[in-house]
Structure formats: structure tokens, C-alpha cells
1. In a Gaussian network model over the chain where Cα atoms closer than 10 Å are linked, find which of 124, 109, 73 has the largest mean-square fluctuation.
2. So how do 85-96, 247-258 stack up, highest first, on mean other-Cβ count within 10 Å?
3. From the C-alpha coordinates alone, can you work out the Kirkwood hydrodynamic radius of the stretch 84-147, in Å?
4. Label-point separation (nm) for residue 75 and residue 192, each offset 7 Å from Cα along Cα-to-Cβ?
5. Quick one: order 151, 35 by neighbouring beta-carbon count within 10 Å, fewest to most.
6. Going highest first, how would you order 231-237, 172-178 by mean Cβ packing within 10 Å?
7. Given the C-alpha centroids of the stretch 188-229 and the stretch 22-42, what is the distance between them in whole angstrom?
8. Which residue fluctuates the most in the chain, going by a Gaussian network model with Cα springs under 10 Å, if the choices are 225, 310, 135?
Ligand code: GDP
Ligand code: CA
């Protein structure tokens with residue numbers, strides 16, 4: 001049997017975790033026993049924030065919970081069976097954000113993480129610790145150990161002035177209804193990739209871009225100096241998966257984010273945003289849905305190899321099939 005491929009996935013939260021589960025499933029279906037030795041996930045930390053004295057890492061937690069099988073698949077986020085007693089108590093105190101739900105089990109996670117950060121462990125080390133509780137079958141790395149949370153600049157309709165919001169406030173409180181002007185990660189220019197990120201990309205046999213939000217999930221990862229160059233330099237094929245199916249986002253508000261940066265909500269336009277590695281961009285191949293098969297010539301015209309395949313991840317089997325399609329697209 002040929003040695004199993006070393007896979008790196010760049011991922012955000014919900015879409016990222018579904019896809020990561022799929023890649024892990026595909027490796028397992030190929031008979032790989034120790035998937036954690038083969039699969040590294042570089043996770044967006046732009047969504048992270050401090051709230052009531054604790055550090056939240058929404059995308060990291062989404063992936064940890066999903067890989068551990070303890071995520072709430074009905075709600076789409078958080079822990080299954082969670083309660084909100086502590087969160088209600090915080091509201092009674094007038095602490096935190098009244099519109100931001102904090103589950104009790106989730107708070108346990110945040111307390112553990114914050115305690116370790118306060119003891120001096122880096123975010124990378126904290127995530128490594130968090131990976132010991134459940135057999136995740138993957139190695140998780142934050143994109144950087146620096147705090148470079150995503151800021152959304154919006155135009156206030158009332159006064160026409162621009163103001164900055166933390167990504168979580170824009171996304172959760174305002175449900176992305178305030179028209180964004182731009183997304184930034186203040187301080188990212190001075191950030192460096194977390195230890196292991198560049199090595200993993202350099203040593204990979206395939207790098208996969210999950211169908212995560214291209215602007216606020218994959219975008220911050222690519223904004224960390226060095227990561228884009230590493231993707232362009234690796235000898236591994238870089239394969240992306242469209243989160244846009246039939247001209248629509250599967251869930252979430254990626255269309256609002258794309259509009260803000262002047263990109264159409266189309267699988268081909270997102271391929272254009274990432275660009276072809278043959279040119280100045282990142283992608284060798286791009287997986288698009290059957291509903292978007294007519295866009296294949298447009299993707300091809302960008303210098304990116306299009307592959308038409310089912311992109312809906314509705315259960316473990318469809319996710320694993322997509323993971324396998326992405327590996328096969330890279331020829332590994
Ligand atoms: P978040 O960080 O929790 O917002 O999640 P991500 O950024 O990782 O993923 C959100 C993106 O995943 C959305 O833009 C969706 O269109 C995409 N997505 C969610 N489910 C699916 C699916 O089943 N198939 C595909 N192709 N994309 C999906
Ligand atoms: Ca996210």
C-alpha cells in the first residue's frame with residue numbers, strides 16, 4: 001500500500017468542521033489508522049474574542065467539538081445538550097453581551113483555555129492540550145498565536161459615518177445586516193504563522209481549502225504573513241472546495257461578505273478571488289457542485305482545473321465522499 005498522504009486543511013468553523021470530518025473520514029476509509037498523523041487543520045482565529053474575562057475561539061471550538069462528536073448538529077454550533085445558566089447569570093449582572101449566548105459547557109471550555117493562557121501557554125499549546133481530551137483524529141493549529149481578531153467597518157445608515165465592530169458583534173448581534181465596508185485584522189502585518197503551520201504546508205502532499213467563508217474564515221488565515229507564500233511555494237497541489245452551490249451560500253452570510261469586497265456570489269467568482277497558482281494566486285484545482293457545472297469553462301479559463309462533484313455535506317457519508325473527491329483531485 002502506498003504511504004498515506006499528508007494533508008493540510010485551511011478551515012473556519014461550521015463549514016470547516018464538516019469538511020474536516022469528511023477528510024478524516026476519507027482517510028479512515030482508505031485504511032489510515034492514525035489519521036492525526038496525516039491530517040493537520042490550520043484554523044481561523046479571526047473570530048476569537050475576549051468576553052467577560054474569558055477567551056473565546058469559536059472556530060477552534062466548532063472543529064474540536066465536531067471532531068469529538070460532541071457538537072450540537074441541530075443548532076449548528078456549541079455542545080450538544082448544553083444549558084445556559086451561567087450565561088443568564090452574567091446577563092443578570094449586566095456583564096458580557098446580552099445578545100451573545102454562552103453555553104455552560106462552552107464556558108467550561110473557555111475557562112480552561114483562559115486559565116492555560118494566563119499560565120503562559122501559547123494558543124498553539126492550549127489547542128494541543130485541548131486535543132488530548134477526545135481522540136480528534138487530526139492535529140489542530142491556530143493560524144497564528146497573535147491576537148488579530150477580525151474587525152468589520154460598517155457605514156452607519158443614520159449618520160453616514162463609518163465605525164468598527166468586532167466580527168462577532170456584526171455577525172451575531174446584527175446578523176450581518178449592517179452593510180460592511182471592509183474587513184480587517186488589525187495587527188496581522190506583524191503576526192507570524194503559529195509554530196508548525198509553514199512546515200506542515202511545506203511537507204504536505206495536498207493542501208485543501210475548506211468550503212469555509214472565503215472572506216472572514218479563509219481570508220484571515222491568508223492574511224497572516226508567510227502563509228500565502230507557503231501555499232504558492234509548496235510542491236503539494238492546492239485544491240479548494242466551493243462553499244457556494246448554485247449561486248447561493250449553503251448557510252451563513254458569505255454573500256454579504258463577498259459583496260463587500262466586490263465579488264459575486266458564484267463558485268467561479270470565488271475561484272477567481274483565490275486565483276490560479278499558475279498565475280499569482282493559490283489554486284491548482286477547484287471543486288464545484290453539479291448545479292454549477294456550467295461554470296467549469298469559466299474556472300478553467302482562470303487557469304484552475306475545475307472538478308464537478310456533489311458538494312452537499314449532509315451526513316458523514318457525503319462529507320467523506322467530498323473529502324475523497326478533494327484528495328483524488330490532488331492525485332493523492
Ligand atoms: P463559520 O466559521 O462557522 O462561519 O463556518 P465556515 O466559514 O467554516 O463555513 C461557512 C461556509 O461553509 C458557508 O459559506 C457555507 O456556504 C459553507 N458550507 C456549509 N455547509 C456546506 C456544505 O454542506 N457544502 C459546501 N460545499 N459548503 C458548505
Ligand atoms: Ca467563523
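1. Judging by the Gaussian network model, the answer is 73.
2. Top of the packing list down: 247-258, 85-96.
3. Values: mean 1/r = 0.0745 Å⁻¹.
In the stretch 84-147 this quantity evaluates to 13.4 Å.
4. Modelled inter-label distance: 3.8 nm.
5. Working: 151 17, 35 22.
By the 10 Å Cβ count, ascending: 151, 35.
6. Numbers: 231-237: 17.0, 172-178: 15.1.
Order by mean packing, descending: 231-237, 172-178.
7. One Cα centre to the other: 19 Å.
8. Maximum fluctuation in the GNM of the chain, among the listed residues, is at 135.
Quick note: the coordinates plus some simple rules give every number you see, no bench work behind them. Because the structure is a prediction, the values reported are computed rather than measured. Cβ atoms come from the backbone with ideal geometry, glycine included; neighbour counts cover every protein chain shown.
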